[in-house]
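The values are calculated or read from the model by the stated rules, or taken from the named source; none is laboratory data. Bear in mind the structure is a predicted one, so any value in this text is a computation, not a measurement. Neighbour counts run over all protein chains shown; Cβ positions are idealised from the backbone, glycine included.
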Amino acid sequence: MIKDWYEKSFGEDYLLVYKHRDADGAAREVKKMISWLDLPQGARVLDLCCGTGRHALALADSGYRVSGVDLSDVLLREAKKSDEGRRVEWHQADMRNLPLDGGFDAVLNLFTSFGYFREDGEQLKVLREIYRMLKPGGRFIIDFMNSPHVRAHLVPESKREAEGQRIVENRKIERDFVIKDITIAPLEGDGVKRQYHERVKLYTLEQMRQMLADAGLAVDEVHGGYDEDEGYEEQKSERMIFVGHRPHSSKQA
């Protein structure tokens, strides 16, 4: 069976390409998320698509009982390596089919860990799993790219060097997907050139609102970033951060 891009891209080279994401940044972002969610100490939080665990660990440090889920065994290995005190429960799973019973006070899906699938119905499965994971009244944050900003400011190509490797990223928009092709090659010698493909569906604010409603989730507010009082502006905001809840009486469509 041919693997899809997200089954191949989140490996050792991903750690190289995205090594600029640090724990200090995650701690600042988590502080803002906590202010939005208004959760009591000891609340249960699920970090869905947790990657290397930066945010999950920052949440645990802030006094929450945290579970992290990711599909990548490589990223989970790094997360567990950073979790010296075993503060977080780590699970390997597809975000469309979680091996958990739910009952969480909050679910987080951060930094465009959404829109990975070709069909809208597959994205809806993710939102329905978020609904199932939440207790009635439970809160969620879905942090997604802001499509109008992406379309207006897409950088077609960028190049950089890291750890003796040249990293070239080519980007384009095709059929409402933003596509990134990454090539990694040694600066010296005859080492192997590695190539990766990333593809994420572009959704507008209203499309996201509709999908969330179809999943039974209610949106309370939308932010444009993690800076102080950064409200969402369609043409200016880099992100679309949905904060909402699972209503007590909601039913999925």
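Suppose the filter is surrounded by fewer than 21 Cβ atoms within 10 Å (Cβ to Cβ) and under 17 Å from the mean Cα position of the chain (by Cα); does Ala79 pass it? Walk me through how you get there before you give the answer.
Details: surrounded by fewer than 21 Cβ atoms within 10 Å (Cβ to Cβ): no; under 17 Å from the mean Cα position of the chain (by Cα): yes.
Here the answer is no, as Ala79 does not meet what is asked.
May I ask you to say which residue of Arg87, Arg96 is farther than 23 Å from Ala43 by Cα, in contact (Cβ under 8 Å) with a residue 24 or more places away in the chain and either in the same structural domain as Met240 (by TED's automatic domain parsing) or of a type in the set (A, V, I, L, M, F, W, C) (or both)?
None of the other options fit; the residue is Arg96.
Of everything in the stretch 19-64, what is outside any helix (DSSP H, G or I), among the acidic types (Asp, Glu) and either closer than 18 Å to Asp227 by Cα or in contact with a Cys (Cβ under 8 Å, 6 or more places away or on another chain) (or both)? Give them in sequence order.
Asp22, Asp38
What are the residues in the stretch 69-97 that are under 25 Å from Glu122 (Cβ atoms) and basic (Lys, Arg), if any?
Residue satisfying the conditions is Arg96 alone.
Given (1) touching a His at 6+ places or on another chain (Cβ under 7 Å); (2) part of a helix (DSSP H, G or I), where does Ser67 come up short, assuming only one miss?
All conditions are met except number (2).
Could you run through the stretch 117-172 and say how many residues are assigned to a helix (DSSP H, G or I) and farther than 23 Å from Glu206 by Cα?
First, pick out the residues of the stretch 117-172 that are assigned to a helix (DSSP H, G or I): 120-133, 147-153.
Cutting the leftovers down to farther than 23 Å from Glu206 by Cα gives us 133.
Here the count works out to 1.
Taking the condition of being in contact with a helix residue (DSSP H, G or I) (Cβ under 9 Å, 6 or more places away or on another chain) and among the basic types (Lys, Arg), how many residues in the stretch 107-134 meet it?
1
Restricting the search to the stretch 62-74, which residues are hydrophobic (A, V, I, L, M, F, W, C), modelled with pLDDT of 95 or more and out of contact with any Leu (no Cβ under 7 Å at 6 or more places or on another chain)?
Leu71
How do the pairs read when you match residues in the stretch 188-199 that are farther than 13 Å from Val17 by Cα with residues anywhere that are aliphatic (A, V, I, L, M) and at pLDDT 85 or above, using Cβ under 9 Å and keeping only pairs 6 or more apart or on different chains?
These pairs meet every condition: Gly191/Ala185; Val192/Ala185; Lys193/Ile184; Lys193/Ala185; Arg199/Val178; Arg199/Ile179.
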